[in-house]
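Here's the structure, in structure tokens; my notes come after.
Please treat every number below as a calculation from the coordinates, not as lab data. This structure is a prediction, so every number in the text was calculated from the model and none was measured. Here Cβ is always computed from backbone atoms with ideal geometry, including for glycine, and neighbour counts include all displayed protein chains.
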Amino acid sequence: MAFFELRHVRAGYGKAVVIRDITLAMEKSDLTVVIGPNGAGKSTLLRTIYGLSTLFEGMILYKGDDIATWPPKKMASLGVAFVPQENNIFPSLRVMENLKLASEKQAANFQVRLNNVFDLFPVLKERRNQRAETLSGGESKMLAVGLGLMEAPELLLLDEPSGGLAPILVDVLFEAFQKIHQSGTAILLVEQNAKKAFELADYGYVIESGKIRYQGKAKELLDNEEVIRSYFGV
């Protein structure tokens, strides 16, 4: 049995279906990437996993348990963290206060996890006493990822974290994702920067119109001429 699975998932909002018959599997060691055009259902896929959209059909399995009815708080406490595309930080609180709030349900080893976040993103240590609203766009995204890590996740869901950021900041984030993955956290990454994401990933999926069009090892998809032509800007 896979560490994490979606089986024939159909989901959306209200009565509107956005994703159809999505089947996906990950092992604990995987960094898996999902790409596709705008409106394809990538963000809905992550929101469905985290119980933030309507699951019409299918199963969501985490370590063998069906988590489709779990509320987000339970997921966070049991090892699944979600960093949404929109900022999930508290702008009026200081950086340190944000990080402390995110770790309330995982109080043990707080200092270890805090040091890990500061090692990944040294600028957050420098800004730890600033209000989050004073951070730049890139720093805010680093803080958002840091909040997810303070929950001590075994599975980290990331929704287009590099969107709107300068290339140098994208490089900082992707280097951090690689280190997070190497530390033993599985990552499911939805990303617009397709080529960079696939260079980092173990496995990839391409979604179009709510369905999986391609899937395979990331290196193989990087050599697929149709995928290259359609998604890698070549």
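Worth a mention:
- Rounded Å value of the spacing that divides the Cα centres of the range 205-234 and the range 46-69: 25
- Electrostatic dipole magnitude of the range 1-113 [Cβ: Lys, Arg +1; Asp, Glu -1; Cα centre; debye, to 20]: 220
- Taken along its three principal axes, the alpha carbon spread of the range 35-184 comes to 46, 38, 32 Å, from the longest extent down to the shortest.
- Of the residues TYR231, LEU189, TYR214, the one whose Cα sits farthest toward the positive end of the charge dipole of the range 108-234, with +1 on the Cβ of Lys and Arg and -1 on the Cβ of Asp and Glu, is LEU189.
- Of all DSSP-defined beta bridges confined to the chain, some 60% are antiparallel rather than parallel.
- Summary of the geometry: the range 111-161 and the range 84-102, compared by the centres of their Cα atoms, lie 9 Å apart.
- Proximal charge balance of GLY64 [Cβ under 15 Å; K/R count +1, D/E count -1]: -2
- Here the extension length gained between ASP119 and TYR13 equals 34.3 nm, from 0.36 nm per residue of separation less the Cα-Cα distance.
- Under a model in which nothing but the beta-carbon of Lys, Arg (+1) and Asp, Glu (-1) is charged, the chain shows a dipole of about 520 debye around its Cα centre.
- Degrees separating the helix 167-182 axis from the principal Cα axis of the chain, which is the longest one: 80
- Helix 137-149 axis, angle to the chain major axis (alpha carbon atoms, nearest 10°): 80
- Listed residue (THR23, THR44, MET1) projecting farthest to the positive dipole end of the range 1-78, Cβ model: THR44
- Per-peptide average of other Cβ atoms within 10 Å, ordering 211-223, 79-91, 188-200 highest first: 188-200, 79-91, 211-223
- Nearest 10 degrees, 0 to 90: helix 110-120 Cα axis against the chain principal axis: 70
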